[in-house]
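The values are calculated or read from the model by the stated rules, or taken from the named source; none is laboratory data. This is a predicted model, so every value here is computed, not measured. A quick note on method: Cβ atoms are made from the backbone with ideal geometry, for glycine too, and the neighbour counts reach across all protein chains shown. We work out accessible area using only protein heavy atoms, side chains counted, and drop any ligands, DNA or RNA first. Shrake-Rupley method; radii C 1.70, N 1.55, O 1.52, S 1.80 Å.
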Amino acid sequence: MIEVAGGVHVVRHEELDLTTGLVVGDDACLVIDTPGDHVQGAALARQIRQITAKPWHVVYTHAHFDHCYGTGPFQPCEVWAHENFRFDVEEKTAWARRYREQGKPEIGAAIEESELVAPTRTFAGRAEIELGGRKVVLRHFGPAHSFCDTVIEVPDTRTVFAGDLVEHPEFIEESFGDGDVTRWPGALDRLLALDPEVVVPGHGSPVDKDFVARAREILSAGWTSAR
Ligand SMILES: [Zn+2]
């Protein structure tokens with residue numbers, strides 16, 4: 001767990017190099033994504049409780065299993081997501097099988113046991129969550145990495161949690177399932193317009209604006225050549 005700004009934490013997970021977030025306010029805290037199963041979710045909940053005892057909300061950056069299946073241990077709480085958010089139960093089965101084939105049956109079993117916690121609060125374009133002395137802003141820039149990407153801005157620290165809208169090159173290969181690559185560069189333009197100092201991707205280490213601008217150019221050039 002790294003504190004990238006006052007009360008804004010980035011949590012790196014071993015599995016899939018997943019990166020989740022925690023924003024702490026005076027009255028409540030916001031957990032940005034939960035890991036891919038209830039065992040890892042419970043470990044994250046314990047880790048967060050070492051930092052703060054404030055009540056938590058959860059927000060999902062998108063519906064891919066590795067960002068949301070670990071929410072059971074956080075219940076009861078409000079769970080925020082974009083209004084298009086839908087679980088793909090077949091994805092859950094496929095990943096459980098994949099883990100078994102990779103010789104990690106315990107993770108496969110944990111995924112299958114995991115309770116899918118549906119959003120209790122949804123939004124269309126923009127929403128704010130008040131945490132006490134600080135607010136966070138949720139935005140949807142249209143389908144890009146997935147059909148329900150949510151970007152979470154902590155305006156007082158110029159930190160943006162981008163989910164898989166921003167990816168390190170080693171993860172990009174698996175990213176074109178249910179998104180819209182034609183609209184991805186435009187979504188990154190809108191992210192860059194927030195003028196962030198720190199951008200936290202859904203996997204791997206935090207990056208800066210220049211990294212996002214380069215990713216935008218690579219995606220844009222890739223789409224142009226594919227077309
Ligand atoms: Zn994803």
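Most mobile of Val89, Val24, Val11 per a Gaussian network model of the chain (Cα springs, under 10 Å)?
In this elastic network of the chain, the residue with the biggest mean-square fluctuation among Val89, Val24, Val11 is Val89.
Which is farthest toward the positive dipole end of the chain among Pro35, Gly72, Tyr60, measuring Cα position about the Cα centre, with Cβ charges +1 (Lys, Arg) and -1 (Asp, Glu)?
Going by the charge dipole, the pick is Tyr60.
Under 23 Å between alpha carbons, and skipping anything fewer than 8 positions from Lys135 in its own chain: which lysines qualify?
Lys54, Lys209
Rounded to the nearest 0.05, what FRET efficiency do Glu130 and Phe211 give with R0 = 45 Å and r taken as the Cβ-Cβ distance? Could you check?
So, using R0 = 45 Å, E works out to roughly 0.90.
Ignoring ligands, DNA and RNA, what percent of the accessible area of the chain is carbon or sulfur (1.4 Å)?
Carbon and sulfur together cover 50 percent of it.
Straight distance only, please: which lysines reach the Cα of Lys92 with their own Cα at less than 17 Å, same-chain residues fewer than 8 apart left out?
Within reach: Lys104.
Under the classification rounded if a/c is under 1.5, otherwise prolate if a/b is larger than b/c and oblate if not, where does the chain fall, given a ≥ b ≥ c as square roots of the Cα gyration tensor eigenvalues?
The shape class here is oblate.
May I ask you to give the solvent-accessible area per residue for the chain, in square angstrom, as obtained with a 1.4 angstrom probe?
43 Å²
Using a 1.4 Å probe, how large is the accessible area of Trp95, given in Å² and rounded to the nearest 10?
40 Å²
Multiply the residue separation of Val181 and Arg97 by 0.36 nm, subtract the distance between their alpha-carbon atoms, and state the gained length in nm to one decimal.
27.5 nm
How large is the accessible surface of Lys104 in square angstrom, using a 1.4 angstrom probe and rounding to the nearest 10?
Counting only protein heavy atoms, the figure is 70 Å².
Could you sort Arg183, Arg46 by their accessible area in this structure, using a 1.4 Å probe and putting the largest first?
The ranking, largest first, comes out as Arg46, Arg183.
Between beta-carbons, use under 13 Å as the cut-off and find the net charge around Glu197, counting Lys and Arg +1, Asp and Glu -1.
Local net charge: -3.
Based on the mean of other beta carbon atoms within 10 Å per residue, what is the order of 130-136, 197-203, most packed first?
197-203, 130-136
Stretched out fully, how many nm does the piece from Lys104 to His168 gain, at 0.36 nm a residue minus the Cα gap?
Working: separation 64, 0.36 × 64 = 23.04 nm, distance 2.46 nm.
Length gained between Lys104 and His168: 20.6 nm.
At 1.4 Å probe size, with no ligands or nucleic acids counted, give the accessible surface of Phe211 in Å², nearest ten.
Rounded to the nearest 10, the figure is 40 Å².
Run lengths n ≥ 4 of DSSP H only: what is the helix-derived mean residue ellipticity at 222 nm for the chain, with -39500 (n - 2.57) per run over all residues, to the nearest 500?
On the way: 6 runs with 65 residues, N = 227.
Result for the chain: -8500 deg cm²/dmol, rounded to the nearest 500.
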